[in-house]
């Protein structure tokens, strides 16, 4: 069972991904929804603040670097939806709703991040690129990153490329998202 700030979410174990599209748009587009329902989400919980805990009560057991994904988005429903998907795919997740929250959570990360997945537009004028730079500075090494944005301006692609990041435009389809996450986490991206 997944416990979130909104309450308990417990999809039935037999549930499959029922919608191949995840609508990931932020406040800039005035909507936010995650339209995917996943099957067995694993055995852990994500609290509303982004902490990762296992159902058996163990906390702080280090996650392997290659399994930890940092998710940063200013929309709680998007963060929760992405966390559910990533954990259903076998990844550990640490979430943040802003750059300030990311700075507070990074020291408690349960291992070395293997991937940063960040929205381009963050609160207080922050950007996904800044989130990526913050994680890389914290780790002291390059960390693969994927920027999600509804902004289709060529400048977004150029900014992502300059940082060595991949870019996906919203709304994001689950198949391409999973493929890109798996590729980046395997080191092949």
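Give the separation of the Cα centroids, region 151-189 to region 65-137, in Å.
15 Å
Evaluated at 10 °C with a viscosity of 1.306 mPa s, what Stokes-Einstein diffusion coefficient in µm²/s does region 148-189 have when Rh comes from the Kirkwood expression over alpha-carbon pairs? Before the final figure, lay out each step's value.
Values: Rh = 10.9 Å.
Stokes-Einstein gives a translational diffusion coefficient of 145 µm²/s.
Subtract the Cα-Cα distance of residue 188 and residue 130 from 0.36 nm times their separation in residues, and report this length gain in nm to one decimal.
On the way: separation 58, 0.36 × 58 = 20.88 nm, distance 2.35 nm.
In short, 18.5 nm is gained.
Students often check this: by mean Cβ neighbours within 10 Å, which of 105-114, 129-138, 148-157 ranks highest, and how do the rest follow?
The most tightly packed comes first, giving 129-138, 105-114, 148-157.
Each value in this text was obtained by applying a stated rule to the coordinates, not by laboratory testing. Please read these numbers as outputs of a predicted model, since none were measured by experiment. Reconstructed Cβ throughout: ideal geometry from the backbone, glycine too, with neighbour counts over all protein chains shown.
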